[in-house]
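Asks: Would you mind keeping the following structure in view while I ask a few things?
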There are 2 protein chains.
Amino acid sequence: MAATLRELRLTAIADFPEVRAGDDLAALIARAVRAGGVHPRDGDVFVVAQKIVSKAEDRYVDLGQVVPSTRAIELAKVTGKDARLVEVVLGESARVVRAVHDVLIVEHRLGFVMANAGVDQSNVGPHGADRVLRLPVDPDASAARLQNALEQHFGVRLAVVINDSFGRPWRLGTVGVALGAAGLPSLVDLRGTSDRYGRTLRATVVALADELAAAASLLMGQADEGWPVILVQGLAWSQASRSARDLVRPADEDLFR
Amino acid sequence: MAATLRELRLTAIADFPEVRAGDDLAALIARAVRAGGVHPRDGDVFVVAQKIVSKAEDRYVDLGQVVPSTRAIELAKVTGKDARLVEVVLGESARVVRAVHDVLIVEHRLGFVMANAGVDQSNVGPHGADRVLRLPVDPDASAARLQNALEQHFGVRLAVVINDSFGRPWRLGTVGVALGAAGLPSLVDLRGTSDRYGRTLRATVVALADELAAAASLLMGQADEGWPVILVQGLAWSQASRSARDLVRPADEDLFR
């Protein structure tokens, strides 16, 4: 794979509009890309921020409508979080992994181990802090729909990654991570290939979609949502597509859950 | 920060030579960059693979010279690894975090929680599998020396990140991670800034150097070492430099160690 790669170009799509529930996100992206004079080519990858996908898919919850369960009230005390927010988090989660003051790490129903099940109170719109935004119902399916629609718009073969920012054990700071992917191998398996000296490589399954998600995150910024769509050009791969769900380590193979 | 970013370009430096112990790595990089017709500018970042830094710094150990301790022999049985390799790993480690069949995760003396303390048997040279390669003694210092020397070579202000590939809990596949950094903020702290709607953002410390390390890893490949140096152009930052050591989460703040 490496031998075909020489230069990677990431372009942030300028002047992206505020996304509203029900918007045709592919149409918004196509319009902004054309307005920016950017021309997607065969094999290009769009990395799209989770937040605008969730907004278009109307994944909002009004906390005013949420009645917290006993369990949510207990966890709210432990974490110092709003019990209604905790209730929404629990509704998105398979189980709680860690709960201490200021921290609520869960296993999202899709398998992602993450803070607050990805439920977000920032930048959800002008309706105030009482409105929160959940992850898309099925980010791989969202990515596949976007891929399909964007290929129609541009008439070229494209891939799509939906990214989010995750904290991590052992290291400080968040990094971009792939929640959904379509049209590329989220994991690239190099096992069985040899190094320069003929030894078989051991630990060489690369999380390609996560590295793309992190790269795009460098251009997206965090403090505002002005750059939620990044076009990545110059990446090449030879393996079959694999969804971002394949990036989730099965619980029974996980030493840290 | 985001507002000043529009396009990021990553260029893999072609025809990089095999690195030998004692080589002047900055001189090798400068020569390969010039030969490739690439022109670094103020604010550009070089991402350099850990392996070539370790080679230049002669961080080899000949396993034939290693006498494993009782503890190494025990851990070798548990993990199925060569007891001499385990001895080298222990010499690089503060403590063992997990040891099961095929897996030895330690806290490296620099704080990195990682497999095998980063000790590598692949691509270490034509001397066969009995020679292994450790991480640089102080990757932040290595990055600072490279930064300094490269700035002399090119007459512009540069930053340097030294990267490696790490596995992760919860997710499959490896991603590029920063072991050392100089000339840029490894962590960018956006806490206290507001989102579009005036709410203060909560969890917005971004691991900039790790995202750069992951982005560069997309171009480096894994199966050979043909592309160990990546030039990143177009990144902007306003915060003061922070070393990659700042990316290590203090053990007493870590819920998963």
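Asks: Tell me, which residue of segment B:227-257 that is assigned to a strand (DSSP E or B) and over 19 Å from B:L190 (Cβ atoms) is nearest to the other protein chains (Cβ to nearest Cβ)?
Replies: By that ranking, first place goes to B:V248.
Asks: Does A:R41 satisfy being closer than 25 Å to A:G234 by Cα, touching a residue at least 40 places away in the same chain (Cβ under 8 Å) and not acidic (D, E)?
Replies: yes
Asks: I would also like to ask the following. Across segment A:175-193, which residue is surrounded by the fewest Cβ atoms within 10 Å (Cβ to Cβ) among those that are touching a helix residue (DSSP H, G or I) at 6+ places or on another chain (Cβ under 8 Å), within 11 Å of chain B (Cβ to nearest Cβ) and not hydrophobic (A, V, I, L, M, F, W, C)?
Replies: Per the stated criteria, the residue is A:P185.
Asks: Sticking with this structure for a sec: Please determine whether any residue of segment B:50-58 is of a type outside the set (G, A, S), at pLDDT 95 or above and loosely packed, with under 14 Cβ neighbours inside 10 Å.
Replies: Yes, there is a match, as at least one residue in segment B:50-58 is of a type outside the set (G, A, S), at pLDDT 95 or above and loosely packed, with under 14 Cβ neighbours inside 10 Å.
Asks: Quick test of your reading of the structure: B:I105 fulfils all but one of (1) over 25 Å from B:L184 (Cα atoms); (2) touching a residue at least 12 places away in the same chain (Cβ under 8 Å); (3) not in a loop (DSSP other than H, G, I, E, B). Name the failing condition by number.
Replies: So the condition that B:I105 fails would be (2).
Asks: Something else: Given the residues B:V33, B:V113, B:V19, which is the only one that is touching a His at 6+ places or on another chain (Cβ under 9 Å) and within 14 Å of chain A (Cβ to nearest Cβ)?
Replies: B:V33
Asks: Among the numbered criteria (1) outside the structural domain of B:S217 (by TED's automatic domain parsing); (2) of a type in the set (A, V, I, L, M, F, W, C); (3) surrounded by fewer than 18 Cβ atoms within 10 Å (Cβ to Cβ), which one does B:A14 miss?
Replies: Exception for B:A14: condition (1).
Asks: Separate question: Starting from residues that are at pLDDT 60 or above and in a loop (DSSP other than H, G, I, E, B), keep the ones in segment A:199-221 and report whichever is farthest from the other protein chains (Cβ to nearest Cβ).
Replies: A:T204
Asks: So A:E151 fits all but one of (1) within 14 Å of another protein chain (Cβ to nearest Cβ); (2) surrounded by fewer than 22 Cβ atoms within 10 Å (Cβ to Cβ); (3) modelled with pLDDT of 95 or more; what number is the exception?
Replies: A:E151 satisfies all of (1) within 14 Å of another protein chain (Cβ to nearest Cβ); (2) surrounded by fewer than 22 Cβ atoms within 10 Å (Cβ to Cβ); (3) modelled with pLDDT of 95 or more except (1).
The values are calculated or read from the model by the stated rules, or taken from the named source; none is laboratory data. Just so it is clear, the model here is predicted, and its values are computed rather than measured. Virtual Cβ from ideal backbone geometry, glycine too; neighbours counted across all protein chains shown.
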